[in-house]
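Read the structure below first, then the notes.
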Amino acid sequence: MDAFFSWVEGWPLGVWLREEPTIWAFPFVLILHTVGLAFLVGANVAIDFRALGGAPGVPLVSMRRYYRAMWAGFWVNAVSGVLLLIAYPTKALTNPLFYLKLLLIAVGLVLANAIRGYVFGGAVGAGATAPRRLRVLAAASLAIWAASITAGRLLAYTCTRLMVDASC
Amino acid sequence: MLIVMEWDWLNDHLRAVLNTLYYTPMGEFMRTSTWAWPTFESLHFIGMSLLAGTIVMFDLRLLGFARAVPVRALHRLIPFGIAGFLVNMLTGICFICATPDQYLFNAAFRWKVIFIVIAGLNVMFFYTRVFRRLEAFSAENVAPPLPARLVGGISLGAWIGVMSAGRLLTFFRP
């Protein structure tokens, strides 16, 4: 694997991201990853909170456009995440927690898609209580996103190798 | 010269403030515990997500996005965003106590505070000028009036500013 890591670390894009002394390189990618997180998780939080009984006057179906905000956030983070990976492939790929983070995000997306069925199906009208199964899905979704965020944040503290020839 | 004298006076007081913060039990705890900092950072991001899920989503609605959502009823989510903001104030104060010089002499931190103040003033404008007119554009497909759009846009911009400046803190450490 080290041969692969050091090959990726030599890509001009990664070198530029790591070494360009401007906030428009690596720091800007981090900013995108944080704002993308706010939209991806934020849209999930709004829909999950409504399903769990917060803002009962909002019909669940009226929130369907928030899925656009959610996907916009997701794609910003997919792209910025790949850029971060290109900058420091060894750091992420040698850390087991990174794979757990990806798994948690995958579960979060599966849950968001299951909840989407209720939202677009017009399941919960104004003043109505969500069915038990939807409330379980919403609570699970909140827990999974909190876990993904925690896993992501802990990456900085659990990595062992920063680059092929540098430890964290 | 008066200006120099005033600057010295300010520096002396700033140094006293730094020392006081540094020797608080919270600062001590944040520096010595292995897991305090990573745990509080995770909480800081979870608090941010609460704020994004309620206040940022409300801002989008004020801007005219997701017009099907009855805006007056959506306002019921705002207390959760305030809770997220309080979590972040508390965890943020803990970071500052741990290493006060890393924040008080940091340009990114100053920008972060400026954006929080802008967001706060905007909240005051919202509750004095826009809140009681929410019902008027709560119905589906009614375009929000200009003041509502303005409040939504300023809030969205300010919170994105807060997040960006927060992310830049590490790159502007003294």
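Some observations on this one:
- Residue count, the range B:84-128 (criterion: over 20 Å from residue B:28 (Cα atoms) and assigned to a helix (DSSP H, G or I)): 25
- Considering only residues in the range A:1-39 that are of a type in the set (Phe, Trp, Tyr) and assigned to a helix (DSSP H, G or I), the one that is surrounded by the most Cβ atoms within 10 Å (Cβ to Cβ) turns out to be A:39.
- Residue count for the range B:5-44 under the criterion of being more than 14 Å from chain A (Cβ to nearest Cβ) and among the β-branched types (Val, Ile, Thr): the result is 4.
- Residue check, residue B:51 more than 9 Å from every other protein chain (Cβ to nearest Cβ), closer than 25 Å to residue A:67 by Cβ, surrounded by 23 or more Cβ atoms within 10 Å (Cβ to Cβ) and touching a residue at least 40 places away in the same chain (Cβ under 8 Å): no
- Scope the range A:40-73; condition over 21 Å from residue A:107 (Cα atoms) and either in a helix (DSSP H, G or I) or more than 7 Å from chain B (Cβ to nearest Cβ) (or both); matching residues: A:53, A:56, A:59, A:60, A:61, A:62, A:63
- Of all residues in the range A:3-14, none satisfies being at negative phi, in contact with a Lys or Arg (Cβ under 6 Å, 6 or more places away or on another chain) and either in contact (Cβ under 8 Å) with a residue 12 or more places away in the chain or not charged (D, E, K, R) (or both).
- Filter result for residue B:169 (of a type in the set (A, V, I, L, M), more than 21 Å from residue B:92 (Cα to Cα) and either away from chain A (no Cβ under 14 Å) or surrounded by 13 or more Cβ atoms within 10 Å (Cβ to Cβ) (or both)): no
- Among the criteria (1) more than 10 Å from chain B (Cβ to nearest Cβ); (2) crowded, with 19+ Cβ neighbours inside 10 Å; (3) in contact with a helix residue (DSSP H, G or I) (Cβ under 6 Å, 6 or more places away or on another chain), the one residue A:91 does not fulfil is (3).
- Selected residue (only one of A:117, A:122 is surrounded by fewer than 16 Cβ atoms within 10 Å (Cβ to Cβ) and at pLDDT below 95): A:122
The values are calculated or read from the model by the stated rules, or taken from the named source; none is laboratory data. All of these numbers come straight from a predicted model, not from anything done at the bench. Reconstructed Cβ throughout: ideal geometry from the backbone, glycine too, with neighbour counts over all protein chains shown.
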